[in-house]
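See below for the structure under consideration.
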Amino acid sequence: MKRAVTTDGAPKAIGPYSQAVVAGGFVFCSGQIPLDPITGEMVEGDVATQTRRVLENLKAVLEAAGSGLDRVVKTTVFLADMGDFAAMNQVYAGFFGDVPPARAAVEVAALPKGARVEIEAVALAGDGLGLEELDEVR
C-alpha cells in the first residue's frame, strides 16, 4: 500500500509524479530543485542559496508526510557542476544532525529549469515504524 504526499510548502509537481510517496515504512521524496513554493519561480543566486531552498522544500515535503530531515536515511545530490560541491556541502551539513544520511553526489549534464542543484531523499516514515518495527511486522 502506498500514499501520495502533497503540500503547498514545496513546489507543486511539474509533471506526472508525486512530491513524495509513503510506502513500506519509508518516505520516497522526488527530487527538489530551487523553486520558490509560493511563486513557482527559480530562486536566483549561487549554489549555496539554491541548496538552502532545495533543502527547505524537502523539509516541507517530509513534514507533510509526517517525517522530517532527522529521519532521512539516503539522499542523492545532482549538481550541474561538480565544482559547486564544496559550497553545496557546506549548506547541506547544516541541515543534518550528528548522523547524516548516506549520500551520493553526481554531476549531470543539465537539471530542470536550469537549476544548479537537485536533491532527492528517502526517509523513515513518521508513522512510528522504524527499521526494527518493520522487521517485527514482516
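The values are calculated or read from the model by the stated rules, or taken from the named source; none is laboratory data. For clarity, every value in this text was computed on a predicted model and none was experimentally measured. With ideal geometry, Cβ positions are generated from the backbone for all residues, glycine too; neighbour counts draw on all protein chains shown.
For ASP81, the conditions (1) over 17 Å from GLU120 (Cβ atoms); (2) buried (at least 16 other Cβ atoms within 10 Å of the Cβ) are fulfilled apart from (2).
Annotation: VAL73 fulfils all but one of (1) assigned to a strand (DSSP E or B); (2) farther than 24 Å from ARG3 by Cα; (3) of a type in the set (A, V, I, L, M); the unmet one is (2). There is at least one residue in segment 32-47 that is in contact with a Gly (Cβ under 7 Å, 6 or more places away or on another chain), in contact (Cβ under 8 Å) with a residue 12 or more places away in the chain and not aliphatic (A, V, I, L, M).
Rundown of residues vs (1) small (Gly, Ala, Ser); (2) at pLDDT 95 or above; (3) buried (at least 17 other Cβ atoms within 10 Å of the Cβ); (4) not in a helix (DSSP H, G or I), yes/no style:
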| site | (1), (2), (3), (4) |
| --- | --- |
| THR51 | no, yes, yes, no |
| LEU62 | no, yes, yes, no |
| SER67 | yes, yes, yes, yes |
| GLN90 | no, yes, no, no |
| VAL106 | no, yes, no, yes |
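Checking the structure you have, find out if any residue of segment 114-123 is modelled with pLDDT of 95 or more, assigned to a loop (DSSP other than H, G, I, E, B) and more than 21 Å from ALA13 (Cβ to Cβ). Steps first, answer last, please.
If we filter segment 114-123 for residues that are modelled with pLDDT of 95 or more, which is where we start, we get 114-123.
Filter once more, so that each one left must be assigned to a loop (DSSP other than H, G, I, E, B): 115-116.
Okay, now just the ones that are also more than 21 Å from ALA13 (Cβ to Cβ), so none.
Scanning segment 114-123, I find no residue that is modelled with pLDDT of 95 or more, assigned to a loop (DSSP other than H, G, I, E, B) and more than 21 Å from ALA13 (Cβ to Cβ), so the answer is no.
Out of curiosity, is VAL27 surrounded by 12 or more Cβ atoms within 10 Å (Cβ to Cβ) and on the phi < 0 side of the Ramachandran plot? Yes: the conditions hold for VAL27.
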